[in-house]
1. Got a sec? Which strands (runs of 3 or more DSSP E) wholly within the range 16-76 have at least 1 residues that are within 26 Å of residue 100 (Cα to Cα), open to solvent by less than 30 Å² (accessible area, probe 1.4 Å) and of a type in the set (Gly, Ala, Ser)?
2. Could you check the range 77-91 and list, in sequence order, the residues that are in a loop (DSSP other than H, G, I, E, B) and in contact (Cβ under 8 Å) with a residue 24 or more places away in the chain?
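The values are calculated or read from the model by the stated rules, or taken from the named source; none is laboratory data. All of these numbers come straight from a predicted model, not from anything done at the bench. For neighbour counting, all protein chains shown are included, and Cβ atoms are generated from backbone atoms with ideal geometry for every residue, glycine included. Calculation scope for accessible area: heavy atoms of the full protein, side chains included, ligands and nucleic acids excluded. Shrake-Rupley method; radii C 1.70, N 1.55, O 1.52, S 1.80 Å.
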Amino acid sequence: MSFLRCNADHHSLALMKSREGRTGLQHVAYDVGSLDNVMRNFARLRSLGVNCVWGVGRHGPGNNVFSYYTDPAGNYIEYYGEMEQFDANAPVEPQIWGPQHKGDVWGVAGVPPLGFRE
């Protein structure tokens, strides 16, 4: 993935090439502010019978806490909080996250769903 930003957030847009040649939207993300709010939404959605398909975890790029769900149309929805912030005018040193990075630096979120990785 290549991460782009338009404000102080680590990233506002992530671009990637699909291994399966797919095009289109991969997921929509909603900033809920904090770990506490990610967990409150996790509990609220679970009580409504909505299963978390990946998470709760913490991403490496962006250092944000995350949880992912699918909507009725099969689209992925991310709730996140605590996105890493930068001075919007300062240069940022590029960082490469290799294949050993599984998407969750805590190591508790499990493997992303197959449709998420294609």
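1. In the range 16-76, 54-58, 65-70 are the strands (runs of 3 or more DSSP E) which contain 1 or more residues that are within 26 Å of residue 100 (Cα to Cα), open to solvent by less than 30 Å² (accessible area, probe 1.4 Å) and of a type in the set (Gly, Ala, Ser).
2. Result: 82, 83, 84, 86, 87, 88.
Okay, residues lined up against (1) of a type outside the set (Asp, Glu); (2) modelled with pLDDT under 90; (3) surrounded by 14 or more Cβ atoms within 10 Å (Cβ to Cβ):
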position	(1), (2), (3)
79	yes, no, yes
96	yes, yes, no
100	yes, yes, no
110	yes, yes, yes
113	yes, yes, no
116	yes, yes, yes
